[in-house]
1. Shape of region 1-40 from its Cα gyration tensor (a ≥ b ≥ c, root eigenvalues): rounded if a/c is under 1.5, otherwise prolate when a/b > b/c, or oblate?
2. In nm, what is the difference between 0.36 nm times the number of residues separating D76 and E131 and their Cα-Cα distance?
3. Ordering K190, K150 by accessible area with a probe of 1.4 Å, largest first, what comes out?
4. At 1.4 Å probe size, with the rest of the protein present, what percent of the exposed accessible area of the chain is carbon and sulfur atoms?
5. Hey, what number do you get for the chain at 222 nm if only DSSP H runs of n ≥ 4 count, each worth -39500 (n - 2.57), divided across all residues, to the nearest 500?
6. Where in the chain is the longest stretch that carries no GluC sites (Glu not before Pro) classed as loop by DSSP and with at most 14 other Cβ atoms within 10 Å?
7. Give the long-range amide H neighbours of I55: residues separated by 5 or more places, or on another chain, with amide H under 5 Å away, using H modelled in the peptide plane at 1.01 Å from N.
8. Please work out the C-alpha center-to-center distance from region 1-46 to region 158-178 and express it in whole Å.
Amino acid sequence: MSGKIKITIIEPSEIVTTGLKRLIEQNGSFNVAKTFSTLQEYGGTPNGSPDIIIINPTIVGDSGYSDPRSLLQANDNTAIMAINYGPYDEDAFRSYDGYISIFNTREQIEKRLSAALKNSSEKETYDDSNELSVREREILTAVAKGKTNKEIADEFNISIHTVISHRKNISHKLGINSIAGLTIYAVMNKLLDVEDF
């Protein structure tokens, strides 16, 4: 990526927007190019998508959409991040590439922005084939062995968001949504031996 990383913030609170922009821009690699207080002001990205969109998740929830990427009409290369205002469970942000807590330090914010860019670039899109990639077979085997998303992420040195993305792809390709079903598939297709249990 050449030049500064372009960021758009969609947040109704001027205090939060101003503070976040100031902290982000202290790192010369990031530029908050645009800020909007409402989704209507934002109106999509007709002149090209920013590298990162940071949005208040209540805006997404209030819109009736469950997928922020569809709501924002963002391309696959744009990282979508939520602003976390409280002690929310990380599962609340599964549909995002990452999140920033209002309690994060400047250094933590920079790390989270970089991680979100990485998560966004690691995403795989669905294809119409039922064939699993080598990595998907590895993830499937780990899931069948009962490993958590965090354990799988640590084992393969990838982010939890990437693990979740792989799991969604696996379920989509195989049409199997339960861990028990995935385990049976792994055993039947010799990805896993019954003795591994």
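1. oblate
2. Working: separation 55, 0.36 × 55 = 19.80 nm, distance 2.23 nm.
Residue separation times 0.36 nm, minus the Cα-Cα distance, leaves 17.6 nm.
3. Numbers: K190 175, K150 115 Å².
These residues rank, largest area first, as K190, K150.
4. Values: 5430 of 11090 Å².
Carbon with sulfur: 49 percent of the solvent-accessible area.
5. -13000 deg cm²/dmol
6. Working: sites that count: E124, E131.
No qualifying site falls inside 1-123, the longest such stretch.
7. Here the answer is I10, M81, A82, I83, since their amide H atoms fall under 5 Å of that of I55.
8. Here the answer is 31 Å between Cα centres.
The values are calculated or read from the model by the stated rules, or taken from the named source; none is laboratory data. Given the structure is predicted, the values throughout are model-derived calculations rather than measurements. Counting neighbours? That spans all protein chains shown, and the Cβs are built from the backbone with ideal geometry, glycine included. We work out accessible area using only protein heavy atoms, side chains counted, and drop any ligands, DNA or RNA first. Shrake-Rupley method; radii C 1.70, N 1.55, O 1.52, S 1.80 Å.
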